[in-house]
Amino acid sequence: MENKTEYDVAIIGGGSAGLSAAIYASRGGMNTVIFEKALIGGQITTTADVENYPGFEENMSGFDIADKMRRHAEKFGTEIKQENITAIHMDDFEKYVETNSNKYKVKSIIVATGANPSKLDVPGEAKYTGRGVSYCATCDGALYRDKIVAVIGGGDSAVEEAIFLTKFAKKVYIIHRRDELRAVKLIQKRAFENDKIEIIWNSIVKEVKGGDFIEKIELYNKKTKKIRNLELNGIFIYVGIIPNNELIKSAVKLDSQGFILTDETMSTKIPGLYAAGDVVHKVLRQVITAASDGAIAAFSAEKWIEENKDKF
Ligand code: NAP
């Protein structure tokens with residue numbers, strides 16, 4: 001395998017954390033590359049309106065914010081490569097990132113691989129994915145104009161996306177396994193006040209059913225112990241996220257859910273290896289905290305490279 005260009009900072013993942021790290025690292029004079037296997041922007045590109053990023057009082061779509069961040073990073077010289085990193089070698093002063101066809105020597109690595117939506121793991125979910133089961137309201141919501149849909153989950157994502165779906169659907173159920181939502185109060189209030197939204201409490205999805213497309217879901221009410229079939233045209237699953245930690249999970253410390261434990265400098269226990277964004281253990285997962293992690297990780301990487309410049 002060819003041994004390619006040397007970079008000061010290799011960032012794995014081109015979401016908000018990775019892009020922010022790239023802005024800081026490349027502006028700081030580091031030769032910086034982002035590796036992104038899919039679309040630049042990460043999870044935020046699936047958010048229709050971002051309301052709480054400071055300075056953007058006119059809502060912007062997640063896609064537009066990500067695009068601005070990408071241009072910002074490129075302005076300072078960040079290279080973006082659409083390549084899938086399959087392995088990383090993380091000896092202190094001998095670091096490489098590998099794709100299927102290339103191997104790049106780098107000085108430091110920032111893992112900003114984010115998280116993916118959790119699955120419900122119920123019968124019919126996989127079969128009807130793309131045929132009525134979705135994990136992205138921004139992507140698929142418009143397909144459900146005047147239809148009946150349900151959002152599964154009670155967190156910020158579920159409730160925000162349920163509100164978004166009322167732009168298209170005539171009826172939106174929120175199906176939650178408890179009798180209280182987890183989402184922040186302001187978003188809850190908006191959902192409670194929305195005539196198109198009905199919340200089905202204390203209920204879990206047992207099965208997704210249909211013909212070629214989804215037709216109904218079987219719900220089990222944990223309080224009444226009753227089963228009911230709810231007829232609908234689509235479901236949107238927002239039951240949390242799973243960290244994309246595969247590349248380094250055996251080498252670093254993780255919390256009980258697999259999120260990477262870092263210190264306040266975003267360092268892992270391996271010198272020169274940092275983590276940032278949704279893949280990291282934290283109390284608040286927002287664009288701003290991802291961007292903050294990225295900035296700190298880049299700052300730390302730059303400092304570490306400078307302190308060890310004779311050792312590479
Ligand atoms: P989350 O906060 O972990 O919420 C997941 C929801 O799904 C919870 O209500 C949970 O129920 C429910 N759930 C989990 N497993 C389930 C299962 N197997 N069956 C049925 N329900 C299940 O996840 P999230 O909403 O995707 O948010 C992820 C992170 O991003 C959070 O930190 C969130 O604050 C942040 N976020 C913020 C914003 C914003 O501020 N604008 C928007 C989106 C996301 P329980 O409540 O009973 O645990």
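Taken together, the values in this text are just the output of simple stated rules run on the coordinates, not laboratory data. A quick note: this is a predicted structure, and the numbers were derived from the prediction, not measured. Cβ sites come from the backbone with ideal geometry, for glycine too, and all protein chains shown count toward neighbours.
A Cα-only calculation for the chain places Rg and Dmax at 21.3, 69 Å.
Under a Gaussian network description of the chain, with springs only between Cα atoms under 10 Å, the residue in Thr224, Thr265, Thr46 that fluctuates furthest is Thr224. For segment 58-102, which chymotrypsin sites (Phe, Trp or Tyr not before Pro) are in a loop by DSSP, counting at most 16 other Cβ atoms within 10 Å? In loop regions of segment 58-102 (DSSP not H, G, I, E or B), the sparsely surrounded chymotrypsin sites (Phe, Trp or Tyr not before Pro) are Phe76, Phe93.
Length gained on full extension, Lys206 to Glu57: 49.6 nm, using 0.36 nm per residue less the C-alpha separation. As a length-normalised measure over Cα pairs under 8 Å and 6 or more apart, the relative contact order of the chain settles at 21 percent. Within segment 1-105, the trypsin sites (Lys or Arg not before Pro) that combine a DSSP coil assignment with at most 16 other C-beta atoms in a 10 angstrom radius are Lys37. Which of these, Asn244, Asn84, Asn102, has the largest mean-square fluctuation under a Gaussian network model of the chain (Cα springs below 10 Å)? It is Asn102. Spacing of the modelled spin labels on Lys147 and Glu246, each 7 Å from Cα toward Cβ, amounts to 3.0 nm. Taking the Cβ of Ile174 as the center, what net charge do the other residues with Cβ under 10 Å away carry, scoring Lys and Arg +1 and Asp and Glu -1? Computed value for this residue: -2. Compared with the dominant Cα axis of the chain, that is its longest principal axis, helix 16-27 is turned about 20°. Site pair His72 and Lys222 shows an inter-label distance of 4.0 nm when each label is modelled 7 Å from Cα along Cα→Cβ.
Taking the longest Cα principal axis of the chain as reference, the axis of helix 62-75 is set at about 10 degrees. Modelled this way, with points 7 Å down the Cα-to-C-beta line, the labels at Thr265 and Thr129 are 4.0 nm from one another.
Taking Glu246, Glu161, Glu79 in turn, the Gaussian network model of the chain (Cα-Cα springs below 10 Å) assigns the largest fluctuation to Glu246. Phi-derived couplings, Karplus 6.51 cos²θ - 1.76 cosθ + 1.60 at θ = phi - 60°, listed residue by residue for segment 225-240: 6, 9, 9, 9, 9, 10, 7, 6, 10, x, 10, 10, 9, 10, 10, x Hz, with x used for Gly and Pro.
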